[in-house]
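> This is the structure I want to talk about, given as structure tokens.
The values are calculated or read from the model by the stated rules, or taken from the named source; none is laboratory data. These numbers come from a predicted model, not from an experiment. So basically every Cβ, Gly included, is an ideal-geometry build from the backbone, and we count neighbours across all protein chains shown.
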2 protein chains.
Amino acid sequence: MSDRLPGYNGRVRDLLEKLGARVGCRIRATLIGGNILIEGLLMPKHEFSAPDTIIVKLGNGYNIGVSIDRILNIEVSECTSVPPRGSGGMQIDTAHSLPTVKIIGCGGTIASRVEYETGAVKPAMTPSDLLDLIPELAEFARYDSEILFNILSEDMTPKHWETIARSVYRAISSGVEGIVITHGTDTMSFTASALAFALRNLPFPITLVGSQRSSDRPSADAALNLIAAVITTLKAPFGEVVVVMHSTPSDSSALVHRGVKVRKMHSSRRDAFQSINDLPLAKIDLHKKEIALINSRCIPRSGGKEEVMASVGFDDRIALVKAYPGFQNEIIDFLVDKKFHGIVIEGTGLGHIGSYALDSIRRAIEEGIPVVMTVQTLFGRINMNVYTTGRKLLEMGVIPGDDMLPETAYVKLSWVAAQTRDIRIIREMMMTNYVNEVNPVHTPQHFLKPFAE
Amino acid sequence: MSDRLPGYNGRVRDLLEKLGARVGCRIRATLIGGNILIEGLLMPKHEFSAPDTIIVKLGNGYNIGVSIDRILNIEVSECTSVPPRGSGGMQIDTAHSLPTVKIIGCGGTIASRVEYETGAVKPAMTPSDLLDLIPELAEFARYDSEILFNILSEDMTPKHWETIARSVYRAISSGVEGIVITHGTDTMSFTASALAFALRNLPFPITLVGSQRSSDRPSADAALNLIAAVITTLKAPFGEVVVVMHSTPSDSSALVHRGVKVRKMHSSRRDAFQSINDLPLAKIDLHKKEIALINSRCIPRSGGKEEVMASVGFDDRIALVKAYPGFQNEIIDFLVDKKFHGIVIEGTGLGHIGSYALDSIRRAIEEGIPVVMTVQTLFGRINMNVYTTGRKLLEMGVIPGDDMLPETAYVKLSWVAAQTRDIRIIREMMMTNYVNEVNPVHTPQHFLKPFAE
């Protein structure tokens, strides 16, 4: 029989065994020196946890480590039927009537632990470990998990996008009823865009989910984000690639953002992810575990797995270049000399760059390198008809990126350039709105709410 | 005697002369076919205006062009004493008891007109023209105007920053009591940062102001922004370089943003400028024409013009480079080969870049090129102690940019590198908080208000 108290050793294990506790049991503990009552589910313990502690998942979704030396009184009740689990790509059965969700692990903080010696966060957790930490997931689905790779998300490349897209395609073909991808948050929106272009006509939403705190920390947001991601992939009416993350610093709700319209807008806040130039698609009430549609402009689920259109290649010779005062046009010249396959510019204002750079851009286009213009303001859209510089850029063949995020345009050009090197077709594809990466109508709701309002 | 109806010809001029009207008079006109009443001040007319129209400044600050063929009835009353004006760097007297404000023209939309043949916006207006358009300015100050250059702001370079800084320094030394710089909005925040570093211990705020609509358009925001900028430079208690722009799409108020903490966040909205990781310094009530301090963390006015510290040089061999999945480290190698003087990276998350680029960054630092890390999330701050990649970057000598905007860090490194090429001193200066370019404490108010709240 497998261990019912995985990770617990010494006198903590002795205590728990004496109480008849196992992982998944409800624990009530009163702490020394006050009225503090800890109540929640007993969690497995991992190698990096402090010794002589038990790990309890509180009602708010957070894990807390409690030193047994602080415990005055402890009770065990309601042991659920969730079995303890091993690690690595195994299939996990919970109830046969439930749908199957595939969890694809790509690393990131959601799959990482604090290394207590150094305080640094290191990738260490498998999807199965995550399921161990969040027994509530068992009520929604059976899970099938695969660790594709375990890297920090700044190390993602277009090649990784291809690997993830292939894995998602295989999972859809295998007949699962939902897919959740755990991913580092740094570049999660890039991967979300990549999957959105690579796989269309989806039978259910592909949800990317991460966390801003490592999953073994008391303040981890991983649990609620994962629950929201599972609810989304199973219940949402749309068939899009989405990012599911906390909507506010509190734990009451998560937002479902369209993958091609979302951006990490804060380095550390739990509600760092924000839809730009678009509304979130839906909101997940984490108390009621219900989904509410916010944005009716969404792509419905396709008829089934047979309808999926896949084009999973990405070109890794695209550059994303920012315009700034004094921008050195030799940077463009270098990209042309090195025969890059495309350039996305984060232009100023409505889509500009210093006129001293125009000759270099003209040369790029003449040599068959597509140049796409986007707005570094992030909010708003390209309009190159208003000012002289914009008109000149349009005349020489620069492709206007409309209201696409620079990051989305970068991913899209990488996807397009992997399919064709014909600059006319590239232009046409870049100006085709495939998966709502362009929002034709902006309302005041699409802008950040300014301070003064 | 100079023309009292500048720009008016033909039958429009005949009508206005018959009525005894001159520029500055109050006009009440009823239009044909409805109850529409136009009431406001008669404005001068410019070469690009449609023929047979009169230009009226409405109470809300906007100019409107009214075809005389639509006018049913017209009355003239209350002709103010504001004289019509010529164009170009002349001194304009209004009342001798008023303080003197210097207006320095650097081009941009605020100094541009729509070219009606093409629909394009072209730079065409002098500061004097602007004063013509906004007679209300006369109640606050006497104005001295200088056209430094008339370019679109995407053409600004570090050399232009030097020219502007010298002009501001000369103006302060000459004893003016306020300075307003009209500037294109695309790169206005870069110039604001440049001036903030170049000129410290200021006796009054240096206000940069622009508009998102050309000044001769009915929806121009130029008038109210300029009035707010004049109020700020004259009345605000702080001595900082600030950007003054609309706070909301309506005309009720303007916000005063710290130059090193502001960013253009929308390509076209009038409230495009937003403070990032900081609160605006003050709010201008455009009805009461009063200033209200919002942010108490500000640098007070210095004792006088003698105390100004000037260091107006900028290095134009700094690159601002964005990290993205698949970032090609050969771009860093190129900057090192070309002996750039510094590199600012817009890193992902807490300050990361793909680990495949670390060798190139190490080489840059070994060759004496400072590398500064900032966050592409814009909101939040660098923390390179959390993850392995960040620690490696810190160990090799990458300079953490704290919560500085990437654009501000770029300008600051340009300013620092113009003073020293000693990488240790550069590091020390980059980590010195000169003009509140770093905000040590963030509160929830400093983040954009997310959709869900």
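> When region A:158-190 is examined, which residues are found to be within 29 Å of B:Ile345 (Cα to Cα), touching a residue at least 24 places away in the same chain (Cβ under 8 Å) and over 15 Å from the mean Cα position of the chain (by Cα)?
A:Pro158, A:Lys159, A:Glu162
> Which helices (runs of 4 or more DSSP H) does region B:355-429 wholly contain that include 2 or more residues that are surrounded by fewer than 24 Cβ atoms within 10 Å (Cβ to Cβ)?
B:358-366, B:388-395
> While we're here: Taking the conditions exactly as written (part of a loop (DSSP other than H, G, I, E, B), modelled with pLDDT of 95 or more and not assigned by TED's automatic domain parsing to the domain that holds A:Arg263), does A:Asn436 satisfy them or not?
yes
> Mind checking whether some residue in region A:206-225 is out of contact with any strand residue (DSSP E or B) (no Cβ under 9 Å at 6 or more places or on another chain), modelled with pLDDT of 95 or more and either of a type outside the set (Ser, Thr, Tyr) or not assigned by TED's automatic domain parsing to the domain that holds A:Ala50 (or both)?
no
> Does B:Met384 fit the bill of being within 24 Å of B:Phe334 (Cβ to Cβ) and in the same structural domain as B:Asp422 (by TED's automatic domain parsing)?
Values: within 24 Å of B:Phe334 (Cβ to Cβ): no; in the same structural domain as B:Asp422 (by TED's automatic domain parsing): yes.
So B:Met384 fails the test.
> Test B:Val435 against the criterion of being over 12 Å from B:Gly342 (Cβ atoms) and surrounded by fewer than 16 Cβ atoms within 10 Å (Cβ to Cβ), and give yes or no. Walk me through how you get there before you give the answer.
On the way: over 12 Å from B:Gly342 (Cβ atoms): yes; surrounded by fewer than 16 Cβ atoms within 10 Å (Cβ to Cβ): no.
Spelling it out, it is not the case that B:Val435 is over 12 Å from B:Gly342 (Cβ atoms) and surrounded by fewer than 16 Cβ atoms within 10 Å (Cβ to Cβ).
> Follow-up question, since we're still on this one. When the residues of region A:48-75 are filtered to those that are in a loop (DSSP other than H, G, I, E, B) and farther than 16 Å from A:Arg11 by Cα, which remaining residue is modelled with the lowest pLDDT?
By that ranking, first place goes to A:Phe48.
> Same structure again: So A:Tyr356 passes all but one of these: (1) of a type in the set (Phe, Trp, Tyr); (2) within 32 Å of the chain's Cα centre (by Cα); (3) in the same structural domain as A:Ile382 (by TED's automatic domain parsing). Which condition number does it fail?
The one condition A:Tyr356 does not meet is (2).
> Just to be sure I understand, how many residues within region B:238-255 are at pLDDT 95 or above and away from every other protein chain (no Cβ under 11 Å)?
The total comes to 7.
> Taking B:Val308 and the conditions (1) under 27 Å from B:Phe447 (Cβ atoms); (2) in contact with a Lys or Arg (Cβ under 8 Å, 6 or more places away or on another chain); (3) modelled with pLDDT of 95 or more, which numbered condition does it fall short on, given that it satisfies the others?
For B:Val308, the failing item is (1).
> Going by the structure shown, is A:Ser193 of a type in the set (Ser, Thr, Tyr) and surrounded by 24 or more Cβ atoms within 10 Å (Cβ to Cβ)?
Values: of a type in the set (Ser, Thr, Tyr): yes; surrounded by 24 or more Cβ atoms within 10 Å (Cβ to Cβ): yes.
The answer is yes for A:Ser193.
> B:Pro406: within 31 Å of the chain's Cα centre (by Cα) and away from chain A (no Cβ under 11 Å), yes or no?
no
> To continue, here is another question. Can you spot a residue in region A:313-334 that is surrounded by fewer than 22 Cβ atoms within 10 Å (Cβ to Cβ), more than 10 Å from chain B (Cβ to nearest Cβ) and either touching a residue at least 40 places away in the same chain (Cβ under 8 Å) or in a loop (DSSP other than H, G, I, E, B) (or both)?
Within region A:313-334, one or more residues are surrounded by fewer than 22 Cβ atoms within 10 Å (Cβ to Cβ), more than 10 Å from chain B (Cβ to nearest Cβ) and either touching a residue at least 40 places away in the same chain (Cβ under 8 Å) or in a loop (DSSP other than H, G, I, E, B) (or both).
> Restricting to region B:166-184, count the residues that are modelled with pLDDT of 95 or more and over 21 Å from B:Leu234 (Cβ atoms).
Number of matching residues: 1.
> OK, next. For the subset of region B:335-378 comprising residues that are free of Cβ contacts under 8 Å to residues at least 12 places away in the same chain and out of contact with any Gly (no Cβ under 9 Å at 6 or more places or on another chain), which member is nearest to the other protein chains (Cβ to nearest Cβ)?
Top of the filtered list is B:Lys338.
> Right, here's the next one. Taking region B:257-277 only, how many residues are at pLDDT below 95 and more than 10 Å from chain A (Cβ to nearest Cβ)?
1
> For the list (1) of a type outside the set (Lys, Arg); (2) closer than 17 Å to A:Gly351 by Cα; (3) within 23 Å of the chain's Cα centre (by Cα), I need the number of the one condition that A:Ala310 fails.
Going through (1) of a type outside the set (Lys, Arg); (2) closer than 17 Å to A:Gly351 by Cα; (3) within 23 Å of the chain's Cα centre (by Cα) one by one, A:Ala310 breaks only (2).
> Of the residues that sit in region A:409-453 and are within 17 Å of A:Met373 (Cβ to Cβ) and in contact with a Phe, Trp or Tyr (Cβ under 7 Å, 6 or more places away or on another chain), which one is farthest from the other protein chains (Cβ to nearest Cβ)?
A:Lys412
> Using the structure shown, decide if B:Tyr356 is in contact with a Phe, Trp or Tyr (Cβ under 7 Å, 6 or more places away or on another chain) and among the hydroxyl-bearing types (Ser, Thr, Tyr). Spell out how you get there, then give the answer.
Details: in contact with a Phe, Trp or Tyr (Cβ under 7 Å, 6 or more places away or on another chain): no; among the hydroxyl-bearing types (Ser, Thr, Tyr): yes.
The answer is no for B:Tyr356.
> Next question. In region B:238-283, what residues are aromatic (Phe, Trp, Tyr) and under 14 Å from the mean Cα position of the chain (by Cα)?
Scanning region B:238-283 gives a single hit, B:Phe273.
> In addition: How many residues are out of contact with any Gly (no Cβ under 9 Å at 6 or more places or on another chain) and in contact (Cβ under 8 Å) with a residue 24 or more places away in the chain if we restrict to region B:389-402?
Of the residues in that region, 5 qualify.
> Can you tell me which residue within region B:291-310, out of those that are surrounded by fewer than 13 Cβ atoms within 10 Å (Cβ to Cβ) and in contact with a strand residue (DSSP E or B) (Cβ under 8 Å, 6 or more places away or on another chain), is nearest to B:Asp403 (Cα to Cα)?
Looking at residues that are surrounded by fewer than 13 Cβ atoms within 10 Å (Cβ to Cβ) and in contact with a strand residue (DSSP E or B) (Cβ under 8 Å, 6 or more places away or on another chain), I get B:Pro300.
> Taking B:Arg170 as meeting all but one of (1) surrounded by fewer than 24 Cβ atoms within 10 Å (Cβ to Cβ); (2) more than 19 Å from B:Ala223 (Cα to Cα); (3) within 14 Å of chain A (Cβ to nearest Cβ), write down the number of the exception.
(3)
> Out of all the residues in region B:173-190, which are touching a Pro at 6+ places or on another chain (Cβ under 7 Å) and either more than 9 Å from chain A (Cβ to nearest Cβ) or surrounded by fewer than 24 Cβ atoms within 10 Å (Cβ to Cβ) (or both)? Full working, then the answer.
Taking region B:173-190 and keeping what is touching a Pro at 6+ places or on another chain (Cβ under 7 Å), we get B:177-178, B:182, B:187, B:190.
Residues satisfying the conditions are B:Glu177, B:Gly178, B:Thr182.
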